[in-house]
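Below: the structure, in structure tokens.
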Amino acid sequence: MESEARYEANASRVAQMRTVDIAVIGAGTAGLSARDEIAKVTDSYVVIDGGTLGTTCARVGCMPSKALIQVANDFHRRQIFAEQGILGSSGLSLDRAKALTHVRQLRDAFVRGVLESMKDWRRTKFIPKHARFKDLHTLDLGDEKIRADAIVIATGSRPLRPQAWQTFSEHVLDTDLLFEQSTLPDRMAVVGLGPAGAEIGYALARLGIEIVAISLDKAIGGLSDPELQDYAALLASREMETVFAEAEPKGPVETGFAIAAGGRIWEVDKVVLSVGRRPNLAGLGLDQLEIDLDDQGVPMHDPETLRIGDTNIYIAGDASGGRAILHEANDEGRMAGYNAVHSDNHCFRRRVPLAITFTDPQIAVVGRSWRTLRNENIDFVKGTASFDRQGRAVIMREAQGRLHIFADCASGQLLGAELIAPAGEHLAHLLSCIMAQNLGLRDAFMLPFYHPTLEESLRTALHDAMSQMSARPPAIEILRCEGPPAGDKAPTDKQGRQQQ
Ligand SMILES: Cc1cc2nc3c(=O)[nH]c(=O)nc-3n(C[C@H](O)[C@H](O)[C@H](O)COP(=O)(O)OP(=O)(O)OC[C@H]3O[C@@H](n4cnc5c(N)ncnc54)[C@H](O)[C@@H]3O)c2cc1C
């Protein structure tokens, strides 16, 4: 009798074990792009996600934040209407509740797009559960187990909420909660001015909210060049009160919430905490596996194959603790998915680093940052351009900003750039294209630059960098049909005499 019961229990356990070629944990950007690669090769896969579908980017990240920034910048623009002869702007006002509804409507449309992209396989391949490793090939989903030849971890990241802030959920928001608010109060603090915090600080200030922004240092939007950090801090201080010190929650007070920094105390209605994100790995049971974890609990993996040690487990997107940026999550998902389903663990070339912060002016870091070049002891020159009198920026009434490009002294190659510039997203893309093509300063200088555009500032910065190097700017700034570039040899006059 007893052995029969045990037999039945075993049989049901066997029935609950599903075997597939590949299991993907996480249906965010990285997990979905991993699935795309896997589905090209096999039908034997599952995608497991125990959270809310739609991706971090569409639900609480890139898209709602940009929608809010758009409203804020559109409203802010009213301040120059009168000088342009556009009258009546003093009568404009902003309904914050409606603005947030608008943001959520756009957000919902983006989320619907993601769900729509899953419809062909969702019914048969998707499992709405949390996964936890039992061993290197087995996942425990609670009431069932999945055995897979290879597994992709694409579990994303979550906002960091340090211990001191954890008890104040009524007053302290993070980026997951901000866009869910029915409206926004008049006094807010933003803690952390990294890319997400800086965007939120600017947007809330331009929605008419009194903002105190508190950040440990001036690495606003990820800038590392000290000159640009100071400049970005100056510009930010024109939009909101800025404090560079550690923020400390004091707790609720009668009419709001008290927050301290640098020896001062502010009373605000709500705080947006934006002090970084942590990979979602805690519940996966990785510490039970025979793999090495770094001090953040992220499995040691090869960044070019995304393979964890010598296992058949791959890690992609924010979960990998690398560049927490959408196009990188997408790339990593493809790399991990491809390697999970193919033999030989292919090595993939990473794109030129490109990070953009949608403040106004926008901030971008392209290629190698000033700090990276310094840490790597690379001998580089810095070419600069200012937007204070830049023609197009003046016309746009956005004449503030700086562009710093970094070029290798020996080769003249463009290695990196940092900028805070009007519509800097476009300049950042142009710079990343130049770096991806490994163009030197001179080659880049010979590209066409239309007038009047913001991109002309790059010409200025290239010229400035070249004039500090042995590879001087060419004597005449256009290419000759044949022979070496003009300026490489001392030119001769009509009588054949060499000119200096
Ligand atoms: C406010 C904000 C603004 C941003 N703006 C930009 C921007 O402008 N540009 C840009 O490039 N990037 C931006 N990002 C970053 C970008 O959104 C992320 O890098 C990207 O979305 C990460 O994708 P992912 O696939 O790694 O994770 P996610 O999309 O978060 O997917 C992870 C999934 O894993 C699931 N999961 C977690 N644990 C488990 C488990 N144990 N079992 C099963 N499922 C699990 C989760 O439910 C989730 O669905 C922003 C982020 C934020 C927060």
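Sort the range 52-96 into rounded, prolate or oblate with this rule: let a ≥ b ≥ c be the square roots of the eigenvalues of the Cα gyration tensor; rounded if a/c is under 1.5, and if a/c is not under 1.5, prolate when a/b is larger than b/c, oblate otherwise. Cα axes put the range 52-96 in the prolate bin. Of the residues 308, 322, 271, the one whose Cα sits farthest toward the positive end of the charge dipole of the range 214-323, with +1 on the Cβ of Lys and Arg and -1 on the Cβ of Asp and Glu, is 271. Counting charges near residue 404 (Lys, Arg +1; Asp, Glu -1) among other residues having Cβ under 14 Å from its Cβ returns a value of 0. Couplings for the range 140-155, taken from phi via the Karplus curve 6.51 cos²θ - 1.76 cosθ + 1.60 with θ = phi - 60°, read 9, 9, x, 8, 8, 10, 10, 10, 9, 5, 9, 10, 10, 9, 9, 8 Hz in order; Gly and Pro are left as x.
Taking the 0 to 90 degree range and rounding to the nearest ten, how far is the long axis of helix 424-436 tilted relative to the main principal axis of the chain, both from C-alpha atoms? Between the helix axis and the principal axis of the chain, the angle is about 90 degrees.
With q set to 0.05, 0.07 Å⁻¹, the log10 of I(q)/I(0) for the chain, from the Debye formula over equal scatterers at the Cα positions, is -0.25, -0.48. With contacts taken as Cα pairs under 8 Å at a separation of at least 6 residues, the range 34-141 carries a relative contact order of 42 percent.
Modelled this way, with points 7 Å down the Cα-to-C-beta line, the labels at residue 494 and residue 379 are 4.4 nm from one another.
Using the Cβ-Cβ distance between residue 310 and residue 230 with R0 = 30 Å, the FRET efficiency computed as 1/(1 + (r/R0)^6) comes to roughly 0.05. Take the alpha carbon atoms of the range 310-345, find their center, do the same for the range 135-174, and report the distance between the two centers in whole angstrom. So the two Cα centres are separated by 17 Å. How far apart, in nm, are the 7 Å Cα→Cβ label points at residue 86 and residue 166? It is 4.9 nm.
Length available on full extension from residue 116 to residue 98: 0.36 nm per residue minus the Cα-Cα distance, which gives 3.8 nm. Spatial offset of the range 367-388 relative to the range 41-64 amounts to 37 Å, using the alpha carbon center of each.
Counting Lys and Arg as +1 and Asp and Glu as -1 over every other residue whose Cβ lies under 15 Å from the Cβ of residue 158, the net charge comes to 0.
The stretch between residue 352 and residue 134, if pulled fully straight at 0.36 nm per residue, gains 74.8 nm over its current Cα-Cα span. Residues in the range 352-366 carry Karplus couplings, in order, of 4, x, 8, 10, 10, 10, 8, 7, 9, x, 6, 10, 8, 10, 10 Hz; the curve used is 6.51 cos²θ - 1.76 cosθ + 1.60 with θ = phi - 60°, and Gly or Pro positions show x. Across the range 249-318, the mean sequence separation of Cα contacts (distance under 8 Å, 6 or more residues apart), normalised by length, yields a relative contact order of 15 percent.
Where only DSSP H runs of four or more residues are counted, the chain gives -9500 deg cm²/dmol as its mean residue ellipticity at 222 nm, each run worth -39500 (n - 2.57). Of all accessible surface on the range 296-394 at a 1.4 Å probe, what whole percent is carbon and sulfur? Answer for the range 296-394 is 45 percent, counting heavy atoms of protein chains only. Beta-bridge orientation, the chain: approximately 60 percent antiparallel, per DSSP, counting only bridges with both partners inside. Computed with a 1.4 Å probe over protein heavy atoms only, the accessible surface of the chain comes to 50 Å² per residue. Students often get this wrong, so check it: of 40/145; 129/250; 40/129; 66/218; 66/119, which have C-alpha atoms separated by over 28 Å? With Cα atoms farther than 28 Å apart: 129/250.
Below 8 Å, C-alpha to C-alpha, sequence gap of six or more: please give me the relative contact order for the chain in percent.
14 percent
The local environment of residue 354, defined by Cβ-Cβ distances under 13 Å, has a net charge of 0 under the rule Lys, Arg +1 and Asp, Glu -1.
In order along the range 236-241, the Karplus-derived 3J(HN,Hα) couplings, from 6.51 cos²θ - 1.76 cosθ + 1.60 at θ = phi - 60°, round to 4, 5, 7, 9, 7, 6 Hz, and Gly and Pro are given as x.
Could you work out how far helix 456-467 tilts from the main Cα principal axis of the chain, as a 0 to 90 degree angle to the nearest 10? Once rounded, one gets 70 degrees.
Against the compact-protein benchmark of 2.2 N^0.38 Å, the Cα-based radius of gyration of the range 344-408 scales to 1.49. If R0 equals 56 Å, the separation of the Cβ atoms of residue 260 and residue 343 corresponds to a calculated FRET efficiency of about 0.45. Note on the range 245-362: Cα convex hull, mean projected area over all directions, 11.1 nm².
Expressed as an acute angle from 0 to 90° and rounded to the nearest 10, what is the orientation of the C-alpha long axis of helix 62-76 relative to the principal long axis of the chain? Taking Cα atoms only, the helix is inclined about 40 degrees. Entry for the range 83-142 at q = 0.16, 0.22, 0.27 Å⁻¹: log10 I(q)/I(0) = -0.81, -0.95, -1.05, Debye formula applied to identical alpha-carbon scatterers, no solvent contribution. Distance between the pseudo-spin-label points of residue 186 and residue 302 (7 Å out from Cα toward the beta carbon): 6.1 nm.
The values are calculated or read from the model by the stated rules, or taken from the named source; none is laboratory data. Keep in mind the model is a prediction, meaning the values are calculated, not measured. Note that we place each Cβ from the backbone using ideal geometry, even for glycine, and neighbour counts take in every protein chain shown. Side chains included, ligands, DNA and RNA excluded: accessible areas come from the protein's heavy atoms. Shrake-Rupley method; radii C 1.70, N 1.55, O 1.52, S 1.80 Å.
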